[in-house]
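What follows draws every value from the coordinates through simple rules; no lab data is involved. Remember, predicted model here, so these are calculated numbers, not experimental data. Here the Cβ is made from the backbone with ideal geometry for all residues, glycine too, and neighbour counts use every protein chain on show.
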Amino acid sequence: MLVTAQSVFAQAPPDATTVPFDLRTMRPVLEVFINGDGPFKFVLDTGASSTMVSWDLAERLKLPRNGVAMVGAPNSTALSRTPLHRIMELRVGDLKFFGVSAAAIMDKNFTKALNADGIVSAQDFRGYLVTLDYRQRQLVIEPGRLPVADGKQVFDSPLRANVPGIELDVMGEKTYFHLDTGSPFHIALPGRMVTETAKFSRQPTMGGTAATIAGQFLVYYAQLAGDIMIGKYKEEKPTVQIMDKMPYGNLGYRFFRDYKVTFDYSAMRVKLVHWKDTSGPD
């Protein structure tokens, strides 16, 4: 999910904070407090470049208007205008953001499908290390920086369509993937690959539709004839999704549940540690 408006915020920095999240919708849902009210359910979305709030909640809390945002998605050139609201204080765990500009979610069907009151953009945590641990169902926010990328576990994570991602080796071809906690997918390939039939042991078959805030798109399923290398890790002939018209790949819920993922938005790097390399419980 992409929102072209950027949040304006200041942070009251703790040494570290740990925040539990719920994964029943296959998205990490946090409890947040807005201007002292709450808790409210917000999805932590690494695929959103701005925090968003449902129209209903913005009206209920009487959040002041703060301009207009242009909202879109990586698979669409269409942009729609939506109101911006000012949140004086947004609290996540022990971390507080001040003066956050939040785009309104006007589509009530999308809000219903989201099953939450809004979205917290992980990019708002710039200046901190942000670790998502799906096995422990917790978010850890702490000071620090990731080391220089080694291509094994630490990767450069440039923004494309204003969303962070990494390059993976797909059967010898470098392919860029968004890291997207708002997505239910495992490893989803860009739409152009649906015609590259030599890459698959079985022909891609259509598996339905998926939706972003910008609309719906077709999803295909197939099994790769070869492997995907994720630094030091290998996905052997995985079953993948292919997203029609999407220019980039997508790593979603089923990917994150196998890795502990740490984002460093200041250095634009990410660290991936497979759960088998950690000492926590399964």
If the convex hull is drawn through the Cα atoms of the stretch 154-277, its volume per residue in Å³: 100 Å³
Phi to ³J(HN,Hα) by Karplus 6.51 cos²θ - 1.76 cosθ + 1.60 over the stretch 251-259, Hz, x for Gly, Pro: 10, x, 3, 5, 7, 4, 6, 9, 10
Most to least packed among 149-155, 268-274 [average Cβ atoms within 10 Å]: 268-274, 149-155
Residue-span extension gain [residue 137 to residue 267] - 0.36 nm each, minus C-alpha spacing: 44.3 nm
Rough spin-label spacing in nm, given labels placed 7 Å along Cα→Cβ, for residue 37 and residue 225: 5.8 nm
Net length gained if the chain between residue 89 and residue 62 were fully extended (0.36 nm per residue, minus Cα distance): 8.4 nm
CD proxy at 222 nm, helix term only [per DSSP H run n ≥ 4: -39500 (n - 2.57); per residue of the chain; nearest 500]: -1500 deg cm²/dmol
Most mobile of 83, 147, 158 in a GNM of the chain (Cα contacts under 10 Å): 147
